[in-house]
Amino acid sequence: MKKNLLILVMLLPLVTFSGCSKNDEEKLKLDKSEISLYYEETEKITANKSDLQWSSENEFIAEVDNEGLVIGGHVGETYITARSEWGEARCKVEIKAKYNLFDDLIIEFGKSRAYIKSQEKRVLISDDEKELIYKLSSSSSDHVVYFFGTSGLEASTVIIKLPNPLTENITNYLLERFQFIDSNDEKTYFSFNKNSIYIGYSVYADGVSIKYTKYTGR
C-alpha cells in the first residue's frame, strides 16, 4: 500500500506538468506582441491557429484585414485583436510620425485663454482678449494663433510665410495625422477624431495656413 502511494505521489507532478503544457499549446498566440509602422505601411501578423476573427481597437490609427495584414493609418497607438475558439490575443500597434514639422497645436476647443497659456510652450508675442499669438519656433518668423470667443477657444491656426522648406511636406504632415475629406481651388479639408475637429489647409501667394476648428458643418 505504501509503495503504491509513493508511486502515485511521484507521478502527480508529471501529470500536472503535462496538463499545463498541453493547455499552453492550445492557447491562441501571435508571432508579434507589438509592431511599429508609418502611414500606409503594412505588416502581417500570423498566429498558431486558423479561422480567426481580426479587429482593430481604433481603425483611424490602424486597420487589419481577414488575413492579419495590418495597414498603418494615422499617428497614434492602438491594438489589433485576433479571436477564435482558442481564445484571443492582442498586438500593440504604433503608427509613427515621419514628418515632425512643428509641435502639435492645442485643439481643446472651449478651453480658456488661461488654460492655453498654461499648456502652450512656444514664445508668446501677443496677448489680448480675442487671440494669443506665439512664434512657431524660436528661430521662426511664422506664427501660431489661438482665437477666442465667448465660449473659449474657437480656432487654432498655423501661419507660415513663403518661401519656407516646411511647406514641402505639409500635405504629408497632415495626411499621416488626419483624415483627408475633400479639396477645391481654395482649401484642402481634413478631419480628426470622428469628424469632431475640422482642418482647413489654405495656400496663398505669400504663405500657407492650417486652421483647426470644431466641426459644425461646412
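The values are calculated or read from the model by the stated rules, or taken from the named source; none is laboratory data. Here the structure is a predicted model, which means the values were calculated and not measured. A quick note on method: Cβ atoms are made from the backbone with ideal geometry, for glycine too, and the neighbour counts reach across all protein chains shown.
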Segment 40-65 residues that are in the same structural domain as Arg83 (by TED's automatic domain parsing) and farther than 19 Å from Leu175 by Cα, paired with ones that are of a type in the set (Phe, Trp, Tyr) and surrounded by fewer than 17 Cβ atoms within 10 Å (Cβ to Cβ) (beta carbon under 9 Å, 6 or more apart): Ser56/Tyr79; Glu57/Tyr79
Verdict on Ser137 being under 20 Å from Tyr198 (Cα atoms), in contact (Cβ under 8 Å) with a residue 24 or more places away in the chain and of a type outside the set (Phe, Trp, Tyr): no
Filter result (modelled with pLDDT under 75, outside any loop (DSSP other than H, G, I, E, B) and surrounded by fewer than 18 Cβ atoms within 10 Å (Cβ to Cβ)) within segment 177-217: Lys187
Strands (runs of 3 or more DSSP E) contained entirely in segment 29-128, each with at least 1 residues that are surrounded by fewer than 17 Cβ atoms within 10 Å (Cβ to Cβ): 34-37, 42-44, 53-56, 69-72, 76-84, 87-95, 124-127
Hits in segment 80-102 (condition: under 24 Å from Glu26 (Cβ atoms), of a type outside the set (Lys, Arg) and touching a Ser or Thr at 6+ places or on another chain (Cβ under 9 Å)): Ile80, Thr81, Ala82, Ser84, Glu88, Ala89, Cys91
Segment 129-141, subset of a type outside the set (Ser, Thr, Tyr) and in a strand (DSSP E or B), residue nearest to Ile35 (Cα to Cα): Lys135
Residue match in segment 123-138 (condition: assigned by TED's automatic domain parsing to the domain that holds Phe190 and of a type in the set (Lys, Arg)): yes
Unmet requirement for Phe147, which otherwise passes all of (1) part of a strand (DSSP E or B); (2) buried (at least 17 other Cβ atoms within 10 Å of the Cβ); (3) under 26 Å from the mean Cα position of the chain (by Cα): (2)
